[in-house]
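Everything on this sheet refers to the single structure shown next.
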Amino acid sequence: MPQPDLSPATRPAAAAPMRLATTIRPYDWGSVTALPRLFGTEPTGEPQAELWMGAHPGAPSSAGGIPLNELIARDPAATLGEPVAARFGPQLPYLFKVLAIERPLSLQVHPTTEQAEAGYADETARGIPLDDFARTYKDASHKPEMVCAITPFHGLCGFRAPAATADLLDRLALPGLRPWIGTLRTEEPAHAVRTVFAAMLDDAARPLREEVERALLATSDDDLAVHGAIARAYPGDPGLVAALLLHHVNLRPGQALYLGAGVPHAYLGGIGVEIMANSDNVLRCGLTSKHVDVPELMRVVDFAPSDPFLVEPVADGSGTYDYRPPAPEFALTRHELTGEGPRSLPGGVPQIVLCVDGEAHLGDDLTLRPGQSAFIPAAVASTPLLGKGTAYCAQPGAFTM
């Protein structure tokens with residue numbers, strides 16, 4: 001493959017916004033039509049699950065034919081800014097995506113930084129290639145994430161209170177569930193959840209899981225309908241019953257959900273923008289055709305029941321909405337552009353701007369239409385943003401040096 005020309009005459013200038021060429025990942029849970037409808041493009045006939053914008057080596061965006069991770073490595077101070085480069089090293093600290101979910105994603109969890117570093121070092125020492133199907137840790141980073149709904153969006157997130165789960169299981173009226181229901185109602189919450197979660201995934205529970213699956217497919221209970229849909233999507237999957245332990249969360253357009261390390265989750269449907277630490281570390285226990293690693297997931301997951309962490313945006317009254325989750329790597333701003341006077345994107349930090357509706361103009365020279373994005377290096381002092389439509393801007397979060 002020919003190498004890109006990196007001479008000063010051909011590489012993008014570090015002091016101007018750069019249009020990005022991006023990658024769409026064709027995972028089997030993705031929609032064939034949702035992103036083409038949203039972005040006004042032709043379907044390819046295969047699922048279009050995730051649009052990636054960023055510098056992760058798994059699918060880096062490029063500017064002027066040069067991968068963004070290479071541009072950053074050449075001049076971290078100009079592209080990232082010295083504070084960001086000092087805090088996170090010569091790499092973009094976040095990964096920005098658009099998700100288009102047709103079928104449920106895997107029941108999964110993400111590690112802490114310490115867990116990721118140890119797991120990555122262990123698998124590397126054992127000689128497991130990064131692209132091996134059985135590789136769990138793709139990098140040495142944690143992966144907190146936030147999803148902001150573009151359309152109605154729903155998923156499973158965090159363990160609900162054990163007594164509430166016991167009540168839900170009771171409604172299935174299956175005698176075989178009584179020991180699990182008893183554990184959930186009588187034991188200390190985190191211990192009860194751990195015990196039942198492990199039992200649900202154990203091979204010995206296969207006959208009971210089959211009973212539960214049949215009951216879910218036949219139920220007319222509204223609170224169990226989402227699990228019936230999961231059963232139709234993943235017949236015979238061990239993760240189906242374990243998913244009953246999690247909250248069901250519905251997001252309206254504009255609402256955002258944050259997930260820290262150890263929080264089990266599975267997105268189920270809808271379109272949303274997602275921002276996360278620059279990592280691809282995912283530990284799965286079901287609802288997937290990808291690699292499943294139950295022992296490692298059991299070691300990483302946080303079994304304490306918790307309410308979903310909704311991130312409320314701060315509005316400035318002019319159509320700008322700031323989402324500030326508790327992660328140093330990323331933050332997100334939604335701009336509802338009205339066609340009136342320009343807004344100013346502050347300089348000094350690396351930003352990715354994505355247009356999802358209408359048009360977004362970055363200064364006089366760069367126009368973004370739905371599905372198009374641009375990288376603004378930290379060396380750019382500020383950038384006027386105007387147009388009519390909706391744009392999202394990803395940037396590093398607040399952090400202390």
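A dipole drawn for the chain from +1 and -1 charges on Cβ atoms has a positive end, and of HIS361, SER344, CYS148 the residue lying farthest that way is HIS361.
Note on ALA233/ALA381: beta-carbon distance plugged into 1/(1 + (r/R0)^6) with R0 of 35 Å gives a FRET efficiency of 0.10. Please give the FRET efficiency for GLU187 paired with LYS388, using the beta carbon to beta carbon distance and R0 = 60 Å, rounded to the nearest 0.05. For R0 = 60 Å, the calculated efficiency reads 0.60. Distance between the pseudo-spin-label points of LYS290 and ARG206 (7 Å out from Cα toward the beta carbon): 2.6 nm. Each residue in SER31, SER220, SER382 was given a count of other beta-carbon atoms within 10 angstrom of its own, and listing them fewest first yields SER220, SER382, SER31.
With the simple spin-label model, which puts each label point 7 Å out from Cα in the Cβ direction, the ASP122 to ARG171 separation comes to 3.9 nm. Positive-end ranking of SER382, ALA15, VAL32 along the dipole of the chain, with charges on Cβ about the Cα centre, is headed by VAL32.
In debye, nearest 20: dipole of the chain around its Cα centre with unit charges on the Cβ of K, R (+) and D, E (-)?
The calculated dipole for the chain is roughly 200 debye.
Backbone N atoms of the range 102-116 closer than 19 Å to the 7 Å Cα→Cβ label point of ARG37 belong to residues 102-105. Based on the reciprocal of the average 1/r between different C-alpha atoms, the Kirkwood radius for the range 131-189 equals 15.4 Å.
Just one of (1) 65, 59, 42; (2) 72, 50, 43; (3) 80, 49, 38 is Cα extents along the principal axes in Å as worked out from the coordinates here. Which one is it? Only one listed value fits the structure, namely (2).
Rounded to whole Å, give me the distance from the Cα center of the range 287-335 to that of the range 100-161. Between the Cα centre of the range 287-335 and that of the range 100-161, the gap is 12 Å.
With charges set only on the Cβ (+1 for Lys and Arg, -1 for Asp and Glu), what does the dipole of the range 161-245 come to about its Cα centre, in debye to the nearest 20?
100
A Cβ-based charge dipole, computed about the Cα centre of the range 33-173 with Lys and Arg at +1 and Asp and Glu at -1, lands at about 280 debye.
Read-outs throughout are calculated quantities, based only on the coordinates presented, and are distinct from any laboratory measurement. Quick caveat: nothing in here was measured; it's all calculated off a predicted structure. Because the Cβ atoms are built from the backbone with ideal geometry, glycine has one as well, and the counts that use them run over all protein chains shown.
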